[in-house]
Amino acid sequence: MLDKKIKTAIEDALNGKSNFPELVSETLKYSREKHPPRHSNHECLGVILEEFDELKAAIANRRGNDIILAELASVSAMCQRLAEDHLFR
């Protein structure tokens, strides 16, 4: 289930009221609040691949643009989290 702020950010993005980086920022903030830091690059990669698989499934199953956008934001947020938590120290 998506956080209310993320749902609002998706709706705003789809309606041209915000942009993708703002959606990624909200998704990243939610991820940091909900999940502790990952222990390694490999653990982060596992999460990124899991999110990517969800994105592929959303596209393959012709889900709505809102679901695809949410999955894209999740992949992007996890990539940013790997960079910030493990590479930029």
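The values are calculated or read from the model by the stated rules, or taken from the named source; none is laboratory data. All figures in this text were calculated on a predicted structure; none of them were measured in a lab. In this analysis, Cβ positions are derived from the backbone assuming ideal geometry, glycine residues included, and neighbour counts consider all displayed protein chains.
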Restricted to region 8-28 and to residues being free of Cβ contacts under 8 Å to residues at least 12 places away in the same chain and not polar (S, T, N, Q), the residue surrounded by the most Cβ atoms within 10 Å (Cβ to Cβ) is Asp12
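Which is surrounded by 13 or more Cβ atoms within 10 Å (Cβ to Cβ) and not in a helix (DSSP H, G or I), of Arg81, Arg63?
Arg63
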Of those in region 1-57 that are touching a His at 6+ places or on another chain (Cβ under 9 Å) and of a type in the set (S, T, N, Q), the residue nearest to Ile67 (Cα to Cα) is Asn41
Would it be correct to say that Arg38 is in contact with a Cys (Cβ under 8 Å, 6 or more places away or on another chain) and either surrounded by fewer than 16 Cβ atoms within 10 Å (Cβ to Cβ) or among the basic types (Lys, Arg) (or both)? yes
Only one of Ala73, Ala60 is within 20 Å of Lys4 (Cβ to Cβ) and among the small types (Gly, Ala, Ser), namely Ala73
Quick check: anything in region 69-77 more than 11 Å from the chain's Cα centre (by Cα) and of a type in the set (Asp, Glu)?
no
Checklist entry - Can Glu54 be described as part of a helix (DSSP H, G or I), modelled with pLDDT of 95 or more and charged (D, E, K, R)? => result yes
